[in-house]
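So the structure is just underneath, and the comments pick up after that.
The values are calculated or read from the model by the stated rules, or taken from the named source; none is laboratory data. All figures in this text were calculated on a predicted structure; none of them were measured in a lab. Heads up, the Cβs are rebuilt from the backbone with ideal geometry, glycines too, and the neighbour counts pull from every protein chain shown. Note: accessible area is taken over every heavy atom of the protein model, side chains too, but ligands, DNA and RNA are not part of it. Shrake-Rupley method; radii C 1.70, N 1.55, O 1.52, S 1.80 Å.
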Amino acid sequence: MGKNKKNKSAQGSAEIYYPSPEVVERAHIKDYDSLYKRSIEDREGFWAEQAENLEWFKKWDKVLDDSNPPFFKWFVGGKINIVHNAIDRHLKTWRRNKLAIIWEGEPGDVKTYSYHALNREVSKFANVLKSMGVKKGEIVTIYMPQIPELVIAMLACAKIGAAHSVVYGGFSVEALAERIQDAKSRVLITADGGWRRGKITDLKKIANEAIERSPTIEVCITVKRTGHDVYMENDRDFWWHDLMALPVASPKCETEVMDAEDMLFILYTSGTTGKPKGVLHTHGGYAVYTSTTHKFVFDIKDEDRWWCAADPGWITGHSYIVYGPLINGSTIMMYEGAPNHPYPNRWWQMIEKYGITILYTSPTAIRGLMRFGEAWPNRHDLSTLRLLGSVGEPINPEAWRWYYRVIGHEKCPIMDTWWQTETGGFMITPLPITPLKPGSATKPFFGNEIAVVDENGKEVPPGEEGFLVIKKPWPGMARTIYGDPDRYKEVYWKDFEKQGWYKTGDSARIDEDGYVWIIGRIDDVIKVSGYRLGTAEVESALVSHPAVAEAAAIALPHDVKGNAIHTYVILRAGYEGSPDLEEELKKHVVHELGPIARPESITFVDSLPKTRSGKIMRRVLRAQALGQDVGDLSTLEQ
Ligand code: WTA
């Protein structure tokens, strides 16, 4: 990127960073405008061309079936398996011996897998699953730390046609139990624990408690990671390594032929109402979408070492640790633990040690590491880096500039990618050749038409805030909410039903140059450290404590986390608010949901502002907390 060409005017928003000739020279895509135009004019043709880069057992009959909106189908009639594309086909080429995974544990242990070795482990575990009676179409729940076995387990499920539901290892008992129950999983795959900041996270203990609440679980397979004592029940609990040593765990396993539209996974994500939604993705369209976006946006080449520093338990990990990169035959880096353990140079040290070329992370991680100062990254040779990425929430320009200058040495463009669990992959994003404005996700990816509109669907003028909508279907889109198609329609498609647009739940503005600036969620979803939580989940965790009659949760700005959860609680008769009770309630939320949901504050109140229909007015609580005008209270219950 041209430091010389950096042209900063008096207004911050006019700050533009142009790509250097070297970046442009090596980029896959050199002209965004013309390809974008083509991809819009002939959307199906564009996607068919991308799909040709994958191996299909049988080619599709129709690219897009839009006869029953919003239930769109892609590559109809096509037969494929995403694992065939992520592993099997590479074995026929020199990539067989290429590193697929470099993994480092928090204590410093290292494991590497070539594509050949990854195939062996996946095939063996796929046979183990089969021996446990796992069938095509059934949903296996996975609850693991960031270890290679998590990726192996996901791929093994997909290989035999079972779907996976990965529950983030930072979630706790109730969150896990609820997800197991919704998916009606028979099999749970977990680990005894994982390492985080030098401590063991006791996953098996949480899993055992969740199994108690989940009658469908028959089998639990546990990876021995930390080696501490855990409770294992006869005939229900099996050690991963024991099973993998049995003759049934043969390294030969046929990859199941799947329909393009068959379920690949569900991933639960938080929404506006209580129960998390199982967002469903499929083998065909998702494979095409994740691999194409990964390749074009991060300009993936065979010599790259790609590090997406997210947790595989979230969509970012599914799409850009596991599926997109492996389909592209990349070498992926994975790290188990905290970025600042034992010191704040841990990440920079690993970039130097492994020669990472692309780092993709979140604004919250950048802000967190920025706090420790430049001396930590400056001690390391980061010259292998050529591109950087950001995801999860809007990146504030200050963090952007630090990332660009201190980590990227002013030569690595930052790909600020806007997308969602529901979109499967990047929707609004720069390419390496895009002139960048810090804080803007820039422009739509190929094939995507977006708009910022008012509640009637009328486009708002440039610079004004409105609802961000997506106008046309894309291959990576969620197909439904598992078991609840009506909710899928209601949540995403009802508000702009007439126009047939997808409502993202975000507000945004588009500037004079057509650059998109994401402002944030307009619903009751909170992004804490980039993780998605629903206010309703936190509230119901609080209300499940015997002392709590009613609760409200809101998001308030936080320097590092982006947002923090603040809560208001009405106690039941006979209880009195105290610092001890406050601490107890915080711990209770952590026990039910996980550490990311721990409220920053709990305020004991006698009443909550409500509408006449009884809905809590979180906007009023927020305004009060921020010392702002509370606005129109005419609908408030008196
Ligand atoms: C937010 C994460 C601004 C947004 C992949 C979206 C972002 C929600 C960005 C989805 C970005 C994600 N800039 N905001 N680059 N990326 N978001 O489902 O509010 O965990 O709706 O998917 O994250 O969160 P989810």
Inset, instruction - Between PHE57 and ASN234, with labels modelled 7 Å along Cα→Cβ, what's the label distance in nm to one decimal, could you check? - result: 4.1 nm
Legend entry - Other-chain or far-sequence residues with amide H under 5 Å of ILE526's (modelled H): LEU533, GLY534, THR535
Legend entry - Most to least accessible of TYR575, TYR168 (protein chains only, probe 1.4 Å): TYR575, TYR168
Inset, instruction - Give me the number: length gained by fully extending LYS610 to GLN624, i.e. 0.36 nm times residue separation minus the C-alpha to C-alpha distance, one decimal in nm. - result: 3.6 nm
Legend entry - Rotationally averaged projected area of the chain (alpha carbon convex hull; nm²): 28.6 nm²
Legend entry - Three-way shape label, the stretch 67-123, alpha-carbon gyration tensor, a/c 1.5: oblate
Legend entry - Sparse-neighbourhood loop sites, trypsin sites (Lys or Arg not before Pro) in the stretch 265-361 - DSSP loop, at most 16 other Cβ within 10 angstrom: LYS301
Inset, instruction - Give the ranking of VAL630, VAL322 by solvent-accessible surface, highest area first, calculated with a 1.4 Å probe. - result: VAL630, VAL322
Legend entry - Residues with amide H under 5 Å from that of GLU550, placed H, sequence gap 5 or more: ILE570
Legend entry - Whole-Hz couplings from phi, Karplus 6.51/-1.76/1.60, listed for the stretch 595-608; x for Gly and Pro: x, 5, 8, 4, x, 5, 9, 10, 10, 7, 10, 8, 8, 10
Inset, instruction - Could you state, as a whole-number percent, how many of the C-alpha pairs of the stretch 339-392 are farther apart than 14 Å? - result: 53 percent
Inset, instruction - With a/c under 1.5 counting as rounded, go ahead and sort the stretch 545-616 into rounded, prolate or oblate using the C-alpha gyration tensor (a ≥ b ≥ c being the square roots of the eigenvalues; past the cut-off, prolate if a/b is larger than b/c, else oblate). - result: oblate
Inset, instruction - Would you mind working out the magnitude of the charge dipole of the chain relative to its Cα centre, with +1 at each Lys and Arg C-beta and -1 at each Asp and Glu C-beta, to the nearest 20 Debye? - result: 1420 debye
Legend entry - Charge context of GLU497, other residues only, Cβ under 14 angstrom, K/R +1, D/E -1: +1
Legend entry - Interchain or long-range residues, amide H under 5 Å from PHE604's placed H: VAL569
Inset, instruction - Work out the charge dipole of the chain with +1 on the Cβ of Lys and Arg and -1 on the Cβ of Asp and Glu about the Cα centre, then indicate which of SER114, PRO485, GLY631 is farthest towards its positive end. - result: SER114
Inset, instruction - Classify the stretch 267-348 as rounded, prolate or oblate from the Cα gyration tensor: take a ≥ b ≥ c as the square roots of its eigenvalues, call it rounded if a/c is under 1.5, otherwise prolate when a/b beats b/c and oblate if not. - result: oblate
Legend entry - Using θ = phi - 60° and Karplus 6.51 cos²θ - 1.76 cosθ + 1.60, couplings along the stretch 321-338 (whole Hz; Gly, Pro as x): 9, 8, 6, x, x, 5, 4, 7, x, 7, 8, 10, 9, 9, 9, 6, x, 7
Legend entry - Residue-span extension gain [LYS92 to PHE71] - 0.36 nm each, minus C-alpha spacing: 3.9 nm
Inset, instruction - Can you tell me how much longer the chain between ILE519 and VAL460 gets when fully stretched, taken as 0.36 nm per residue apart minus their C-alpha distance, in nm with one decimal? - result: 19.8 nm
Legend entry - Dipole of the chain [Lys/Arg +1, Asp/Glu -1 at C-beta], most positive-end residue of GLY284, THR222, ILE332: ILE332
Legend entry - Nearest-20 debye value, the stretch 224-319 charge dipole, Cβ charges on Lys, Arg, Asp, Glu: 320 debye
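For a protection proxy built on the mean count of beta-carbon atoms within 10 angstrom, sort 41-52, 525-536, 58-69, 591-602 highest first, please. Write down the numbers at each step before the final one.
Details: 41-52: 16.2, 525-536: 22.2, 58-69: 14.4, 591-602: 19.6.
Listed from highest to lowest mean packing, they are 525-536, 591-602, 41-52, 58-69.
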Legend entry - Charge context of TYR515, other residues only, Cβ under 13 angstrom, K/R +1, D/E -1: -2
Legend entry - Relative contact order, percent, the stretch 381-515 [alpha-carbon distance under 8 Å, six or more residues apart]: 20 percent
Legend entry - Dipole magnitude of the stretch 518-569 about its Cα centre (Cβ charges: Lys, Arg +1; Asp, Glu -1), debye to nearest 20: 220 debye
Inset, instruction - With just the Cα atoms of the stretch 132-285, tell me how far they stretch along each of the three principal axes, in Å, largest first. - result: 47, 43, 30
Legend entry - Residue-by-residue Karplus 3J(HN,Hα) for the stretch 208-213, coefficients 6.51, -1.76, 1.60, Hz, glycine and proline x: 4, 5, 5, 4, 3, 8
Legend entry - Qualifying GluC sites (Glu not before Pro) in the stretch 192-286, DSSP loop, other Cβ atoms within 10 Å at most 16: GLU218, GLU233, GLU254
Inset, instruction - Can you find, among TYR575, LEU267, THR357, the residue farthest towards the positive end of the dipole of the chain? Put +1 on the C-beta of Lys and Arg, -1 on that of Asp and Glu. - result: THR357
